[in-house]
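A.B. asks: Could you have a look at this structure, given as structure tokens, before my questions?
The values are calculated or read from the model by the stated rules, or taken from the named source; none is laboratory data. These numbers come from a predicted model, not from an experiment. All Cβ positions, even for glycine, are placed from backbone atoms using ideal geometry, and neighbour counts span all protein chains on display. The protein model used for the area step is the full one, side chains on, heavy atoms only, and it has no ligands, DNA or RNA in it. Shrake-Rupley method; radii C 1.70, N 1.55, O 1.52, S 1.80 Å.
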Amino acid sequence: MVLSPVIGKLLHKRVVLASASPRRREILSQAGFRFEVVPSRFKEKLDKASFPTPYAYAVETAKQKALEVACRMYQKDLRAPDVVIGADTVVTIEGLILEKPVDKQDAYRMLSRCVRDSAPRGSSSASGAAWGGASTVGGRLDTQVTEFHEETAVTFSELSEQLLWEYIDSGEPMDKAGGYGIQALGGMLVERVRGDFLNVVGFPLNRFCKTLAELYYPPRREDLPRVRHDSIPAVDTFDVPSDSEAGGSRAAPGDGGRGRAGAEAGVDSAQAPAGAQRAVAAGKVEDPPPFPSDLLELIDGFKASKALFTACKLKVFDALKDEAPLKAVDVARKIDASVCGTGRLLDVCVALGLLEKTDRGYRNTQRAERHLASEGAGSLRGLIAYNDERAWDVFTHLESAVRGGAQQAPGRQAEAPSQSKERRLQFMRAMHGLTSLTARPVATAFDLSRFSSACDLGGCTGALAGELAQEYPHLKVTVFDLPEVIEHVACFLPEGRPTERISFVPGDFFKDGLPDAQLYILSRILHDWPDDRVQELLSRVAGSCKPGGGLLVVEADPEQRAAPASLSAALNALVRPQGRERSAAEYRLLLEQHGFRDVRVAPAGHGLHVVLGTRAAAP
């Protein structure tokens, strides 16, 4: 497969994605690309009517996005990124570009036209992508732009009005061009896709990789595909096929008497290994197996994690936050470590895409500045420290957990917060960082404006409560958690104290009465408990929830195995003494069993799904 060597070509280059789209970021990340995100500030106000086709408009928009980021980064740092990727996706129907709907009625007009009015039923997604190499020539920026487009046809099913409005009421269409997201709930509308599925999601990965391969690995004449023969007759017994007939070029002239099998294999049989000689003699050519680069990266994964943990523990990213760039000797002095050891650690962080290295020294990448330094709303230092000091030990004994069950795993108690204050705080820091990353997409997965009060059961530091209060100005939120947790929440509040609309109440949701609220929230709680305890907790919530009230459940989706939250949940389940992950369908059934109706599911990104049910009136 050509993808692995292409990625290798870019590993040591500064690659920038000129887009804030989480879908494009996820597609490229899952393919193995390493890059930083610098959203483009290009105003997308090009006159669509001036372009001959929708894809021409998308290509030009993508190119302008990439160029704007390249120029801005060069003006800021006087250093051009090696590669800038710009992309733009439009949804069209009968040549008309569909924007994001302005309201639910607009979403209905778009979707009903896709479903009923066009022949055949459907729309097209056209992506334009432009990526360029940038360099400095004579003190000025020089760019070389490569551009292409990809089109995918989407056919919709015949849908009832009820199903169409249920999808619109989920809220998903409101931030999607064309009014649907095929990678999530919108997939239920689609009957057939002709072309690249990821192109509809937001980025034509297949075409992008092929274009990269053509640039870095232009095909040699002898590498083009040829007709395969089980046995090779004498040359004069058949006509040599033309390029078009054979699907490739003819054998290169002057092959030195190797014969067609040897020529097609691209190897001199006299110099080939014994196994290769036998294959050539038999008249068969076998392609070598693909190089297992993904497996090798996985094998080394624990080393990369420990390098990251160590860099955070030594506060490397803090040292570079205020003063950068710095030489290795300066960083070593700041973190009180040897110069040679520090230099090696810094170079590893560069290879991992966490630091940048120039002639003047090292500096943080944008994501390291945000997530790996101690200060900042997006810091993951607490989660990293927890994994380094607690989870690492647990997973060291993973074999025992697999052989004897998690109950038998040595050190398994390290996964839960201990009774000591420092252990408790460490666990809370980890949960605060993790929850802060996903709080906004969870808070906005559904329109919760009809509720005036909410209670976040097991809400820990109030990270989700804070996002809910910010998103819904009339919502009052109570965080209900164990007394030993509530004792320390002041450490995580912006000014060290709750706001007027956020309060913290100590208690055990299995034993104590639940605070009154119109909406109850269980965010990443239920997966920790076995089925009988889940039934018990849901029964208590249902008993406290008045008719018309709601229950919001947030959990990892085990069906999205490659997504970060889902993979993390699966790994943690290896050493979890009880509980399990459940699908959206299972949570829907659980809520319905406890008297919740109109149960809906929405994605919150990164492998999370959100389930919302409304408490029915007593019969």
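A.B. asks: Given the whole protein assembly as supplied and a 1.4 Å probe, what does the accessible area of ASP359 come to in Å², nearest 10?
C.D. replies: Counting only protein heavy atoms, the figure is 140 Å².
A.B. asks: Measuring with a 1.4 Å probe in the full set of protein chains, what accessible area per residue, in whole Å², belongs to the stretch 475-619?
C.D. replies: Accessible area per residue, the stretch 475-619: 46 Å².
A.B. asks: Quick one: net charge around LYS546, please, counting Lys, Arg +1 and Asp, Glu -1 for every other residue with C-beta under 12 Å from its C-beta.
C.D. replies: Here the count lands on 0.
A.B. asks: Then there is this: Using protein chains only and a probe of 1.4 angstrom, how many square angstrom of LYS306 are accessible, to the nearest 10?
C.D. replies: For LYS306, solvent-accessible area is about 70 Å².
A.B. asks: With a cut-off of at most 12 other beta carbons within 10 Å, and DSSP calling the residue loop, which GluC sites (Glu not before Pro) in the stretch 317-411 qualify? Please list them.
C.D. replies: In loop regions of the stretch 317-411 (DSSP not H, G, I, E or B), the sparsely surrounded GluC sites (Glu not before Pro) are GLU323, GLU375.
A.B. asks: Now for a different question. Which links in LYS9/LYS321; LYS13/LYS65; LYS313/LYS357; LYS65/LYS104; LYS76/LYS321 stretch past 25 Å when you go from one Cα to the other?
C.D. replies: Distance filter (> 25 Å) returns LYS9/LYS321; LYS65/LYS104.
A.B. asks: Quick one: accessible surface of VAL541, probe radius 1.4 Å, all protein chains present, in square angstrom to the nearest 10.
C.D. replies: 0 Å²
A.B. asks: Once the piece of chain linking ASP359 and LYS76 is laid out straight, how much longer is it, given 0.36 nm per residue of separation minus the C-alpha distance between them?
C.D. replies: Net length gain for the segment: 100.2 nm.
A.B. asks: Right, another one. Determine, from the Cβ-Cβ distance of ASP532 and GLU297 and an R0 of 41 Å, the FRET efficiency 1/(1 + (r/R0)^6), rounded to the nearest 0.05.
C.D. replies: Once rounded, the FRET efficiency stands at 0.50.
A.B. asks: Which percent of the accessible heavy-atom area of the stretch 512-609 goes to carbon and sulfur, probe 1.4 angstrom?
C.D. replies: That fraction is 52 percent.
A.B. asks: Classify the stretch 448-518: rounded, prolate or oblate, from the alpha-carbon gyration tensor (a ≥ b ≥ c, eigenvalue square roots; a/c under 1.5 rounded; otherwise prolate if a/b is larger than b/c)?
C.D. replies: oblate
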